[in-house]
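Asker: If you scroll down you'll find the structure; I have some questions about it.
The values are calculated or read from the model by the stated rules, or taken from the named source; none is laboratory data. The structure presented is a predicted model; accordingly, all values stated were derived computationally and were not measured. Note: ideal-geometry Cβ built from the backbone for every residue, glycine included; neighbour counts use all protein chains shown.
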DNA sequence: AGCTAATTTCGAAAAATGTGGAAATAGGAT
DNA sequence: ATCCTATTTCCACATTTTTCGAAATTAGCT
């Protein structure tokens, strides 16, 4: 993963609304959630939500799938894992990190 | 870890210059690096660097220690581990992630 | 064709961020 | 005391982000 890509994903998640949004999608699991339902949960205007959602989709952290008129959104786990992997690598590159969470990848 | 804090750390890392800066500090290991040396590596004005550095320090991702006139900077691994832990938790909350990096914390 | 519901795009204003030169400050050394 | 080096703070400006109402679009239904 390139630094530029990692930075844009981090930036995408580095906004409270978007992080909350991402969280909601993660908790929604494989079923995902239509945009409308997310909007109810977050209680923000649809146009605002649409922008945030676009950001997450553009950086590969969220995937969308049309189902008739509604758009189902799902957290894209591989995208997140890539990012976590990058951070862990950067963090543990030369140094020894206290393995709090990142202990895998033998 | 609160969502707000995670978001601010993510935002801090979500800038190419700052991510690069953090990377440099990680690779510098326990010895850390004086601000001046970082500046040479990044080749940016000192005032700009100082702003970015402050951001990382404020969010707990970097620690600084005075040594006479120079300021030694070090990556704060516990801070990063907390963040990675938060992301892993969010990511794996209900869903099953392919355990790419986050397999610990039995 | 026309209607309704879901979502995005447009346009615009306020706020935050990124950047850097110049001045100020901190910490010794002579 | 004065000076020197390292770093931060001040100030200002350009760019980007955030926000959201209104209009446009998409998709299916009748």
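Asker: Out of all the residues in region B:32-52, which are touching a residue at least 24 places away in the same chain (Cβ under 8 Å) and either away from DNA strand C (no atom under 11 Å from the Cβ) or within 17 Å of residue A:90 (Cβ to Cβ) (or both)?
Answerer: Matches in region B:32-52: B:32, B:33, B:34, B:35, B:36, B:38, B:42, B:52.
Asker: Go through (1) modelled with pLDDT of 95 or more; (2) closer than 17 Å to residue A:11 by Cα and name the single condition residue B:90 misses.
Answerer: (1)
Asker: For residues in region A:12-31 being within 13 Å of DNA strand D (Cβ to nearest atom) and without any contact (Cβ under 8 Å) to a residue 12 or more places away in the chain, which is farthest from residue A:82 (Cα to Cα)?
Answerer: Here is the first cut: in region A:12-31, the ones within 13 Å of DNA strand D (Cβ to nearest atom) are A:12-21.
Restricting the remaining residues to those that are without any contact (Cβ under 8 Å) to a residue 12 or more places away in the chain gives A:14, A:16, A:19.
Values: A:14: 17, A:16: 21, A:19: 17 Å.
That would be A:16.
Asker: I've got another one for you. If I filter region A:1-17 down to residues being assigned to a helix (DSSP H, G or I) and surrounded by fewer than 22 Cβ atoms within 10 Å (Cβ to Cβ), which single residue comes out as nearest to the other protein chains (Cβ to nearest Cβ)? Even if it seems obvious, please write down each step before you answer.
Answerer: To start, the set of residues in region A:1-17 that are assigned to a helix (DSSP H, G or I) comprises A:3-13, A:16-17.
Of the ones still in play, those that are also surrounded by fewer than 22 Cβ atoms within 10 Å (Cβ to Cβ) are A:3-5, A:7-8, A:11, A:16-17.
Working: A:3: 6, A:4: 6, A:5: 10, A:7: 5, A:8: 7, A:11: 3, A:16: 5, A:17: 9 Å.
Across region A:1-17, the extreme among qualifying residues is A:11.
Asker: Can you find a residue in region A:54-66 that is at positive phi, modelled with pLDDT of 95 or more and touching a helix residue (DSSP H, G or I) at 6+ places or on another chain (Cβ under 7 Å)? Break it down stepwise before answering.
Answerer: The first filter runs over region A:54-66 and keeps only residues at positive phi, leaving A:60.
Still in the list and also modelled with pLDDT of 95 or more: A:60.
Next, from what is left, pick out any that are touching a helix residue (DSSP H, G or I) at 6+ places or on another chain (Cβ under 7 Å): A:60.
Yes, region A:54-66 has at least one match.
Asker: Within region A:18-33, work out how many residues are more than 9 Å from chain B (Cβ to nearest Cβ), at negative phi and surrounded by 16 or more Cβ atoms within 10 Å (Cβ to Cβ).
Answerer: Going through region A:18-33, the residues more than 9 Å from chain B (Cβ to nearest Cβ) turn out to be A:21, A:24-25, A:31-33.
Then keep just the ones that are at negative phi; that gives A:21, A:24-25, A:31, A:33.
Cutting the leftovers down to surrounded by 16 or more Cβ atoms within 10 Å (Cβ to Cβ) gives us A:21, A:24-25, A:33.
Qualifying residue count, region A:18-33: 4.
Asker: Taking region B:43-87, which residues are away from DNA strand D (no atom under 12 Å from the Cβ), more than 19 Å from residue A:13 (Cβ to Cβ), within 17 Å of the chain's Cα centre (by Cα) and surrounded by fewer than 19 Cβ atoms within 10 Å (Cβ to Cβ)?
Answerer: B:74, B:78
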